[in-house]
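The values are calculated or read from the model by the stated rules, or taken from the named source; none is laboratory data. Source: prediction; values computed, not measured. Methodologically, a virtual Cβ is constructed for each residue, glycine included, from the backbone with ideal geometry; neighbour enumeration extends over all protein chains shown. All accessible areas refer to the heavy atoms of the entire protein, side chains included, with ligands and DNA or RNA removed. Shrake-Rupley method; radii C 1.70, N 1.55, O 1.52, S 1.80 Å.
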Amino acid sequence: MTAQPHADDPTVAVAATEPEPIPAARAGKDDGEVVLEITDLSVRFPSDEGPVNAVQGLSYQARLGRTLAIVGESGSGKSVSTMAVLGLHNPKRSMITGSILLDGEEVVGADEQTMRRLRSSTAAMIFQDPLSALHPFYKVGGQIAEAYLAHNNVSREVARKRAVEMLDLVGIPNPQRRAKQYPHEFSGGMRQRAMIALGLVNNPKLLIADEPTTALDVTVQAQILDLINNLQMEFGSAVILITHDLGVVAEVADDILVMYAGRAVERGLAKDVLAHPMHPYTYALLQSLPSTHEDQDQLLTIKGSPPSLVNLPPGCSFHPRCAVRDRVPGDLCVTQLPELRPIGTRQVRCHLADPERVLEEEMRA
Amino acid sequence: MLVYLGKRMLMALSVLLTVVVATFLLFFMGPSDPAQALCPDTKCNDAKLSEIRHALKLDRPVSDQLSEYLRGMVAGRQIEYGGTSLDCKAPCLGYSFRSRVEVKEAVLSKFPSTAMLALMTMVMFLVTGVTIGVYAARRRGTRLDRLVVGVSQVVGSIPSYILLLLFALYLTVLYPIFPRATGINDGAGPWLAGLIAPAVILGLIYSTSYVRFTRASMIDTLAQDYVRTARSKGISEQRVVYKHAFRAAMSPVVTILGLDMAGLLSGTLITERIFEVDGMGRLAITSLGLDDLPMIMGTVLVGCFLVVLMNLLVDIAYSFIDPRVRLS
């Protein structure tokens, strides 16, 4: 019932039809408090072939009560940027610059004590594959209780009770008994529910869900998305949903950030961006979705493959795969990296002055 | 659990039976001739040889000897030996061809030294190997880690008898820092003290592979999703490493430990020889040299039994470490 909570939200609808000159994520008057403010974030990993530029110059925000979807292919830097929020990169094997303000506290360069305090209590993460993300040797209830104990000065008994409550909250039947079972005794969907219970046990302001439905059956996927949505409304937290599934975005996201090769290429309200993509990459992603309305013999694919993050192409990273590159005068795409420019309610990183018009044309062709 | 144990017992019995038959056949197919070995050098002639063969029943078909041996193991048997009849109770492993000692007695008297040496060695290599392995894994890629890996590889690739010989020569003979081995009958104190030297060096040799194994296993588990989940809970790094990563990293180490312990408990031939430890290894070597079939059978069977037992213990240990493992 809450698959699209924002569908009836008047502010979102207004913002969608009446563009404002400021970036979409900051638009709307009853937007919640900014929980996460990422500014000019870069993450690099040293490798034998040279530094891997996993994330470059990335900025975005997450607000209470809103769901931000981060979309992109594998290796586009979606997960890397959110892992940095919890300080989960090995400091010895990563170089992180820029600023990550989590509930007002700087995370980049923060000490272990600060990170420990913020993890789970302020921001929590749900991972893609709940089977590998839960420890196979410990009981589910104990794993949830452990996170609660880490931030609350309570007895083990109280923590255990809390774990059972959480399992109940995420819709696991017979939570008393389930808490005493091991992850391998759970079904895939139940495991992901348990993972969500673990994520929410300390009532964090920000919940990061890293492809939470990828490893699940299609029927279970919808249940899990519904659950995240319901819990978000109940807890009022901010949600970042990392996904490569645009269908999921359409269902649950308020805002969208499209990433390509470590950079943001398009950012705005999810409804706008999905209806009228302005960046050729976003457009191509949408084109590659199977359609239920039209007869399609073949799915459209984006030609080529994502570039190496060690050796990015010069200029716009997307130019080798771009379908509308010939519409840009000269060799601008090859020589110059486009800025992330505000266009209407959103930001787009493309040299085309009015990408929307061109892309609509392209669509007709 | 009981069904599982029953199944495993049956398997163990069939393994032991196979080993008995194989050892018996190998012994008689080979060039070994117990009679020749027992025959006095000066006045050995064909008559004497056949006399010995008859006394040891070696002149009877191999199948008869084998079936009698097996019967002895199950039900015990009477052994005619130089006119006297010896009562050998089940499980009868026979009497030594040479010394008229019951094999069971001989093995049991040698086992304590070997077992204690194995135990002390295990403590040594587990403590050093696992500690250093975990340490190196947590500092993967640093100079210290490379040093640890390098040293363990170099030490691990030197033939162990060279290290054992050098250690014995320098630290028990030239500079007698460690006391030399004595029999168990010379008092528990000196007996234990005498086992320190072989345990230390043997432990160090074994620890090189445990360092590398623990390190690799730890690196693997530290990169697991569930360790990342643990870290994202906001618990201490110590807890992340030891409660979440270490326990998972130890389950493959247990497998190797079981096999190594089976090897150590059935006697370390070279170490016992070099350090003059009166254990199973020395008994095995001596018996082989004398073509003492019952004694050889005895040491082989004990070794085989230990391998089977250790495998069973490893499987049971597994089911305690990893709840996904069901004994069936």
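Values computed for the structure shown
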item	result
Residues satisfying the stated conditions in the range A:90-101, i.e. under 18 Å from A:Ser79 (Cβ atoms) and either more than 9 Å from every other protein chain (Cβ to nearest Cβ) or buried (at least 20 other Cβ atoms within 10 Å of the Cβ) (or both)	A:Asn90, A:Pro91, A:Ser94, A:Met95, A:Ile96, A:Gly98, A:Ile100
Yes/no for A:Met195 being within 12 Å of another protein chain (Cβ to nearest Cβ) and either assigned to a helix (DSSP H, G or I) or farther than 20 Å from A:Arg119 by Cα (or both)	yes
Residue in the range A:202-213 that is under 20 Å from A:Ala145 (Cα atoms), within 14 Å of chain B (Cβ to nearest Cβ) and in a helix (DSSP H, G or I) present	no
Per-region count, the range A:64-94, residues over 13 Å from the mean Cα position of the chain (by Cα) and assigned to a strand (DSSP E or B)	0
Failed item, numbered, when A:Pro136 is tested on (1) assigned to a helix (DSSP H, G or I); (2) open to solvent by 10 Å² or more (accessible area, probe 1.4 Å); (3) within 11 Å of chain B (Cβ to nearest Cβ); (4) out of contact with any Asp or Glu (no Cβ under 6 Å at 6 or more places or on another chain)	(1)
Members of the range A:66-84 found to be out of contact with any helix residue (DSSP H, G or I) (no Cβ under 9 Å at 6 or more places or on another chain) and either under 17 Å from A:Val108 (Cα atoms) or surrounded by 24 or more Cβ atoms within 10 Å (Cβ to Cβ) (or both), listed by number	A:Ser76, A:Gly77, A:Lys78, A:Ser79, A:Val80, A:Ser81, A:Thr82, A:Ala84
A:Gln176, sole failed condition from (1) within 30 Å of A:Asp217 (Cβ to Cβ); (2) open to solvent by 60 Å² or more (accessible area, probe 1.4 Å); (3) within 14 Å of chain B (Cβ to nearest Cβ)	(3)
Residues (more than 11 Å from chain B (Cβ to nearest Cβ), closer than 13 Å to A:Lys205 by Cβ and open to solvent by 20 Å² or more (accessible area, probe 1.4 Å)) located in the range A:102-133	A:Asp103, A:Gly104, A:Glu105
The range A:296-346, residues that are among the polar types (S, T, N, Q) and either under 20 Å from A:Asn53 (Cβ atoms) or surrounded by 16 or more Cβ atoms within 10 Å (Cβ to Cβ) (or both)	A:Ser305, A:Ser308, A:Asn311, A:Ser317, A:Thr335, A:Gln336, A:Thr345
Pick from the range B:311-328, criterion of a type outside the set (Gly, Ala, Ser) and within 14 Å of another protein chain (Cβ to nearest Cβ), ranking: most open to solvent (accessible area, probe 1.4 Å)	B:Arg326
Those residues of the range B:56-94 which are of a type outside the set (A, V, I, L, M), touching a Gly at 6+ places or on another chain (Cβ under 7 Å) and not in a strand (DSSP E or B), in sequence order	B:Tyr69, B:Gly72, B:Lys89, B:Cys92, B:Gly94
